[in-house]
Every structure is written in structure tokens, then in C-alpha cells.
Amino acid sequence: GGSGAEEDSQSEDGISEEYDALPGESTAPPGTSAAPPGESARPRREGGRLISSHRLRKRIAWLNKRGGFRDSIRLDRVEPATRGMTDGKVMEILKTLEGKRDQIQDP
């Protein structure tokens, strides 16, 4: 036995279904999120998902270190400009930038 409140907060296997989500994680019970496993739910926009800050930071870091930009791309300037844009569109723009790095003085 146990109290009713205790039984309500646990699944049949006795594991609590309540947890504190990390920033960017869904608080939906496991298996109920619309997001694929390993991804947090993000807002959708026609034409694809909105760009995530993590993915943008990762791509800019790569461009700055290995893409030939030598730390000239500033996240604090790029991130506000990409708000509301889809992941695909932002990655397309960054790929174009990468291809034209010799022609662009201030990315």
C-alpha cells in the first residue's frame, strides 16, 4: 500500500514520471513528444523548423575555426538576424557565405 498521491505520481513500474527538464527540453512524458528522440520540441514554421541557437553556434564556430573565417563571424550579430528563420534557410545562407569567403570582408 501507499497513499493515493504517491501512486498518482508514479507509473506502473514505480518510476516517477515527473522531472525537471533542462532548458530546451520538453516536459512532456516520455514517448508523447512530437519531436524525434534526442531532439527537444522546437517551434515549427512553414518550410521547416526554426533554427536552434545550439545549431547556429556550432555552425558559426566551425566556420570561424575550420571554414577559413578566423573568428571574424560574430554570433552576437548573426543570431538576432536569424530569429524566425528556418534551419534550412540559415544553413543555406551560411553555406553560401562559406563559398564566398574570399569575396566577403565583413561576414
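Quick check on region 46-92: of everything there that is polar (S, T, N, Q) and more than 16 Å from the chain's Cα centre (by Cα), which residue is surrounded by the most Cβ atoms within 10 Å (Cβ to Cβ)? Spell out how you get there, then give the answer.
First, pick out the residues of region 46-92 that are polar (S, T, N, Q): 52-53, 64, 72, 82, 86.
After this cut, where a residue has to be more than 16 Å from the chain's Cα centre (by Cα) as well, the list is 64, 72.
On the way: Asn64: 17, Ser72: 13.
By that ranking, first place goes to Asn64.
Only one of these is part of a loop (DSSP other than H, G, I, E, B) and either more than 17 Å from His54 (Cα to Cα) or free of Cβ contacts under 8 Å to residues at least 40 places away in the same chain (or both): Ile104, Ile93. Name it. Outline the logic, then answer.
Numbers: Ile93 fails: part of a loop (DSSP other than H, G, I, E, B).
Of the residues listed, the single one that is part of a loop (DSSP other than H, G, I, E, B) and either more than 17 Å from His54 (Cα to Cα) or free of Cβ contacts under 8 Å to residues at least 40 places away in the same chain (or both) is Ile104.
Each reported figure results from applying straightforward, stated rules to the coordinates on display, with no laboratory input. These figures come from a predicted structure and were not determined experimentally. Neighbour counts are summed over all protein chains in view; Cβ atoms, including those assigned to glycine, are modelled from backbone coordinates with ideal geometry.
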